[in-house]
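**Student:** One structure coming up, written as structure tokens, with questions to follow.
What follows draws every value from the coordinates through simple rules; no lab data is involved. Being a predicted model, the structure only gives us computed values, none of them experimental. Neighbour counts are summed over all protein chains in view; Cβ atoms, including those assigned to glycine, are modelled from backbone coordinates with ideal geometry.
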Amino acid sequence: MTASDAQAAPSFNQGGYIHTFTPEEQQRLVDQALFLEPYHHALVDFGAAQSILEVGCGVGAQMSVLLRRWPRAHLTGVEPSSTQVARARTLLAPAISAGRASLHQAPGDALPFADQSFDAACVYWVFEHVPDPLPILGEVLRVLKPGGVFYATEVFDKALSLYPPCPETMRYFGAFMALQAEFGGDPNIGIRVPGLLAQAGFERIGITDVSPTLDARMTVPADRAAFLAYFENLLLSGAGPLIERGRIAPSQIEAVKRDFATLKADPAAVFSYGAKQIQGFKPV
Ligand SMILES: C[S@@+](CC[C@H](N)C(=O)[O-])C[C@H]1O[C@@H](n2cnc3c(N)ncnc32)[C@H](O)[C@@H]1O
């Protein structure tokens, strides 16, 4: 985030952003959207929607998945960080040239669109980073057409479950969650989102557990290795801010890596990362 981003977007979390905006983190978002696609797009049904809005689109990683999965829809992305929007413009250049995608720099609680502009809308991993998702939900409701569907996919970090027990990783993740909360976010926002949708005025609200889980049913070694590598990278994406603020010692990183090596070597290992998908509709 730049200083001008902060001025342009007062709701953009001023306290900090646990994942950072480095080029490595931007690439992690691209890899993440593809890796998690089977878990977090399979149940999303945009039906015959011709216009889909993603709020907090980051570098456009989910938009590129959505463009492929919903080939008849136009995708609009909104994102407050100029750094992320610049990367999204590159990633989505072919879709933008083809008239299938557009990008806007704005915060989610001040959407630059007229009322009833979109058939459908979504957010992925945004509410966990903002102090109050309700103004964003109010804006999403305003710009949706009556009957329009909205999906939010958000974390429920407290549900992280590991077998065999990995106390060093749990300690690290405790520090990660605490810093995210200090930054003004909520690493357990997932279970609160249905209530927030109701408060904002959505109806027909549902919540589904979409926690990616590795256990002994995943038998292909390459799949197990890719799964654990993804989550090791996700957890360690907060290492820079945690070390800078003295919340963990650098040696904690090595301890987390040792835990992941143990998990990789154990065919009975379990790794379950809490995530919730919430659906709601704008009343007709
Ligand atoms: C973890 S990234 C997710 C990006 C994208 N949705 C994805 O899944 O690849 C969270 C994004 O939320 C954005 N964000 C933070 N505060 C926001 C706000 N008030 N309104 C909209 N987006 C916001 C951040 O700049 C960041 O790009």
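**Student:** Pick from ALA159, ALA101, ALA120: which is most flexible by mean-square fluctuation in a GNM of the chain where alpha carbon atoms under 10 Å apart are linked?
**Tutor:** ALA159
**Student:** Excluding ARG192 itself, what net charge comes from residues whose Cβ is under 14 Å from its Cβ, given Lys and Arg +1 and Asp and Glu -1?
**Tutor:** Numbers: positive: LYS158, LYS276; negative: GLU128, ASP132, GLU154, ASP157, ASP186.
Once positives and negatives cancel, what remains is -3.
**Student:** Now a separate question. If you rank SER161, SER64, SER81 by fewest surrounding Cβ atoms within 10 Å, what's the result? Provide the component values of the computation, followed by the final result.
**Tutor:** On the way: SER161 14, SER64 20, SER81 23.
With the sparsest Cβ surroundings first, the list reads SER161, SER64, SER81.
**Student:** Could I ask something else about it? Pull up the cross-link candidates among the lysines for LYS257, meaning alpha carbon to alpha carbon under 29 Å and not fewer than 8 places away within one chain.
**Tutor:** Those lysines meeting the cut-off are LYS158, LYS276.
**Student:** Find how many whole Å separate the alpha carbon centroid of the range 96-120 from the alpha carbon centroid of the range 155-176.
**Tutor:** Using only Cα atoms to place each centre, the spacing works out to 36 Å.
**Student:** A further question on this structure: What is the range 143-214 by shape, rounded, prolate or oblate, if you read a ≥ b ≥ c off the alpha carbon gyration tensor as root eigenvalues and call it rounded for a/c under 1.5, prolate for a/b larger than b/c, and oblate otherwise? Provide the component values of the computation, followed by the final result.
**Tutor:** Details: a/c = 3.69, a/b = 1.99, b/c = 1.86.
Taking the square roots of the gyration eigenvalues as a ≥ b ≥ c, the range 143-214 is prolate.
**Student:** Between LYS158 and ALA261, what's the calculated FRET efficiency when r is the beta-carbon distance and R0 is 35 Å? Round to 0.05.
**Tutor:** Values: r = 25 Å, r/R0 = 0.71.
Computed FRET efficiency for LYS158 and ALA261: 0.90.
**Student:** Starting from one equal scatterer on each C-alpha and no solvent at all, send me the Debye-based log10 I(q)/I(0) for the range 3-281 at q = 0.06, 0.10, 0.11, 0.12 Å⁻¹, two decimals.
**Tutor:** Debye curve over Cα of the range 3-281, log10 I(q)/I(0) at q = 0.06, 0.10, 0.11, 0.12 Å⁻¹: -0.18, -0.52, -0.63, -0.75.
**Student:** Taking the Cα-to-Cβ direction at GLN27 and at SER102 and moving 7 Å from each Cα, how far apart do the two end points lie in nm?
**Tutor:** Taking the two extended label points, one gets 3.3 nm.
**Student:** Considering Cα pairs under 8 angstrom that are at least six residues apart, work out the relative contact order of the range 3-281 and quote it in whole percent. Could the numbers behind the result be given before it?
**Tutor:** Details: 497 pairs, mean separation 61.1, N = 279.
Once divided by the residue count of the range 3-281, the mean separation gives 22 percent.
**Student:** Just for the chain, what percent of DSSP beta bridges are antiparallel, to the closest 5? Don't jump to the answer; show the numbers that get you there.
**Tutor:** Numbers: 17 of 36 bridges.
So the antiparallel bridges amount to about 45 percent of the total.
**Student:** May I ask you to list the lysines whose Cα is less than 23 Å away from that of LYS282, ignoring any residue fewer than eight positions away on the same chain?
**Tutor:** Correct list for LYS282: LYS145.
**Student:** About its Cα centre, what dipole magnitude does the chain give when the only charges are +1 on Lys and Arg Cβ and -1 on Asp and Glu Cβ, stated in debye to the nearest 20? If you can, show how the numbers build up before the last one.
**Tutor:** On the way: 22 positive and 28 negative charges, 93 e Å.
With Lys and Arg at +1 and Asp and Glu at -1, about 440 debye.
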